[in-house]
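Trainee: Starting off with a structure, shown below.
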Amino acid sequence: MTSPKTSPKASLVNFRSLDLNLLRVFDEVMAERSLTKAAHKLSITQPAVSNAMRRLREVVGDELMVRSGQGVEPTPRALALWPSVRDALALLQESLAPGAFEPSTATSTFVLAMADATAATLIPALVQIIEREAPDISVRVLPLTTRDPRRLLDEESADMAVGYFPAALADLTARAQSGGAVAYDSRRLYDGEYMCVMRQGHPLASGELTLDAYCAARHMLVSFSGRPYGFIDEALASLGRKRHVLITVNQFFTAGRVVVGSDLLTVLPRHFVPVTGIADRLVQRPLPLNVPAVHVDALWRRRGPQEKAMEWLLNALARSARSMFPD
């Protein structure tokens, strides 16, 4: 027997009586994880936010928030609802007030998530574009700490992530091919190549770098998440081999500075070494094993009112990449 809480008739009645303003409150509470902060953003009182969340809870027939410290945490029901609510609100706003973006007068702030090597590659040319075309916008760059930045984008901690996201993009492609809804867009910016890097005068700096010698050496791993296992280790494992990772860091710049004063080997993007400032003290050698191609992609979440601004930002990043990787 279908319970009254989930019956189609009850859902229809609830939706007919739904005040759409409740969804705006819900969206802000989800974004802020705080009734007080949501009230400030919406220019209403905290009791009004509490009342709106109570009314919405009655409509959906389920708890949406639970107290947590100084704020609130969403329930699984709220987390499941939020993407649809956010997309619907964005579509409605875009339909009623189509967004426009004029770079020369815009005062937007863009938040980008990327690794230090990616930032060193793209940001210098991006700054030149901004100074020339959009002098009043600003950009904040956050460290990328994951190979799957979708949660970062969902929570609006970043507007766009730039990096190597093979598993996330494969999942999105599979969903799209199966007819599923995909709320993200991506674009290839450039293809990179990873190299084995060591100090000048390292015992392995001359002669052939064999797989045996590589595995016998001690290594420094760059891992955004801190996990002491990367795609090089996955490639070695497929060959039945492994290496000794002595230390793990989360920045390519750190790896270069440590390697130049030690006998450790590390793996760095080939295009990154020239901008380290210590390229003359480093030696690059091809890796003695096959590794997947490194595709650097921009990934962002579709949000109607911001699409024109995101289009400009993407175009600017693509031009920055072309300045470093001309055809």
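The values are calculated or read from the model by the stated rules, or taken from the named source; none is laboratory data. Everything numeric in this text was worked out from a predicted model, so none of it was measured. Here the Cβ is made from the backbone with ideal geometry for all residues, glycine too, and neighbour counts use every protein chain on show. All accessible areas refer to the heavy atoms of the entire protein, side chains included, with ligands and DNA or RNA removed. Shrake-Rupley method; radii C 1.70, N 1.55, O 1.52, S 1.80 Å.
Trainee: For the pair L289 and D87, what calculated FRET efficiency results from E = 1/(1 + (r/R0)^6), where r is the Cβ-Cβ distance and R0 = 35 Å, to the nearest 0.05? Before the final figure, lay out each step's value.
Mentor: Numbers: r = 43 Å, r/R0 = 1.23.
Using R0 = 35 Å, I get an efficiency of 0.25.
Trainee: So, one more: Normalised by the residues of the chain, what does the relative contact order come to in percent, with Cα pairs under 8 Å and at least six apart?
Mentor: Contact order relative to length: 21 percent.
Trainee: Based on the mean of other Cβ atoms within 10 Å per residue, sort peptides 169-179, 266-276 so the most packed one is first.
Mentor: Numbers: 169-179: 11.9, 266-276: 19.0.
So the peptides 169-179, 266-276, ranked by packing, come out 266-276, 169-179.
Trainee: Measuring with a 1.4 Å probe in the full set of protein chains, what accessible area per residue, in whole Å², belongs to the chain? Numbers along the way, then the final one.
Mentor: Working: 17340 Å² over 327 residues.
Each residue of the chain exposes 53 Å² on average to a 1.4 Å probe.
Trainee: Using alpha carbons only, how many angstrom separate the centre of the range 131-156 from the centre of the range 235-300?
Mentor: Here the two parts' Cα centres lie 24 Å apart.
Trainee: Follow-up. Solvent-accessible area of T105, probe 1.4 Å, all protein chains present, reported in Å² to the nearest ten, please.
Mentor: Surface open to solvent at T105 totals about 100 Å².
Trainee: Using only Cα atoms and rounding to the nearest 10 degrees, what angle (0 to 90) does helix 166-177 make with the longest principal axis of the chain?
Mentor: Once rounded, the angle reads 50 degrees.
Trainee: Follow-up. Could you work out the relative contact order of the range 173-324? I mean the mean sequence separation of Cα pairs under 8 Å and 6+ apart, divided by the number of residues, in percent. Intermediate results must be reported in sequence, preceding the final value.
Mentor: Details: 214 pairs, mean separation 60.3, N = 152.
Normalised by residue count, the contact order of the range 173-324 is 40 percent.
Trainee: Remind me, relative contact order of the range 48-143 in percent, using alpha carbon pairs under 8 angstrom and six or more residues apart? Walk me through the numbers before you get to the answer.
Mentor: Numbers: 66 pairs, mean separation 22.5, N = 96.
This gives 23 percent for the range 48-143.
Trainee: If you compute percent of Cα pairs over 26 Å apart for the structure shown, which of (1) 59; (2) 47; (3) 52 do you land on?
Mentor: (1)
Trainee: In the chain, carbon and sulfur make up what percent of the accessible area (probe 1.4 Å)? Walk me through the numbers on the way to the answer.
Mentor: On the way: 9150 of 17340 Å².
Here it works out to 53 percent.
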